[in-house]
Structure formats: structure tokens, C-alpha cells
Amino acid sequence: MGRTKNVGHGWARAIAVPVAAVCAAGAGVAWVSSPARAADEKAPKHTIKEIMHKAHKDDDALLKKVTGPKATHDDAVALLELYKDLAANKPPKGDQADWDKRTADIVAASEATTKGDKVDAKAVATLKKTVDCKACHTLHKPA
């Protein structure tokens with residue numbers, strides 16, 4: 001008796017590689033579109049404390065720059081990014097709906113300052129009115 005030829009197993013190899021590729025691609029798609037990944041991408045890059053310092057408290061605070069006489073478009077864009085991060089944070093205290101409304105208003109006012117090449121004076125006036133530190137801190141800053 002001679003050795004039998006390995007017949008019928010070539011199809012397994014022919015199918016195994018494409019099936020493995022499809023499975024790997026499916027796993028990659030699942031990871032890219034997973035809620036955990038989406039949550040990571042929406043997670044703020046800065047804490048509220050960092051935002052307050054960079055936007056309001058430091059000597060070279062971005063709000064002071066944007067609302068000052070030498071406002072630049074780059075400063076306005078940087079401030080907008082911080083305010084978007086502020087909106088992505090959770091309020092340390094108080095109502096989430098109020099936080100969402102206040103931060104959305106601030107983002108919209110800040111966004112208006114980034115339209116065009118120069119920072120618009122009307123948009124700056126609106127931003128100054130919208131950023132009401134005392135009102136926000138009273139409702140959302142812990143004691």
C-alpha cells in the first residue's frame with residue numbers, strides 16, 4: 001500500500017486566509033466604531049482647572065488676549081478649543097442640563113470670534129457678556 005495523496009484539503013487553505021482576513025478586519029471595525037473608543041475621543045483633553053487657568057487666570061489668559069486690543073485669530077481658536085473641552089467636562093456640582101446650556105452658549109460665542117481673519121468686535125462683546133464667571137461658579141464650582 002502506498003501513501004495516499006492528501007486530496008480535498010487544498011480548499012481549506014484557500015478559504016482559511018480570506019476568512020482570517022475578514023475576521024481581522026471585522027475586529028478592527030468593531031474597535032474603531034466601539035462606544036469605548038468614541039468615549040475616549042470625546043473625552044476632554046483638559047480638566048476644568050486647567051481650562052480656567054489657561055483661559056481666565058494666567059497672566060497671559062486667552063480670554064484677556066481675545067477680548068483685548070491685540071486679539072489674534074490664533075488666540076481665538078485656542079480659546080475656542082478650551083471652551084469645547086470645558087463643555088465636554090462634567091460639572092463638579094449642579095445640574096448637567098444647566099452646565100450644557102451655559103457651556104454651549106460660551107462655545108457659540110467663542111466660535112463667532114474665530115470667523116474671518118480678524119477677531120470681530122461684536123463677537124468679542126457677545127463673548128464678554130456670555131462668559132459670566134460668578135453665575136457659573138455659584139452653580140457649578142464646589143465649595
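Quick look at the values:
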{"quantity": "Whichever residue in region 116-142 is hydrophobic (A, V, I, L, M, F, W, C) and assigned to a loop (DSSP other than H, G, I, E, B) and, among such residues, is modelled with the highest pLDDT", "calculated": "Val131"}
{"quantity": "So Lys54, is it of a type outside the set (A, V, I, L, M, F, W, C) and at pLDDT 95 or above", "calculated": "yes"}
{"quantity": "Condition check for Leu62: surrounded by 18 or more Cβ atoms within 10 Å (Cβ to Cβ) and touching a Lys or Arg at 6+ places or on another chain (Cβ under 7 Å)", "calculated": "yes"}
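The values are calculated or read from the model by the stated rules, or taken from the named source; none is laboratory data. The shown structure was predicted, so the numbers you read here are calculated from the model rather than taken from an experiment. Glycine also receives a Cβ, built like all others from the backbone with ideal geometry; neighbour counts cover every protein chain displayed.
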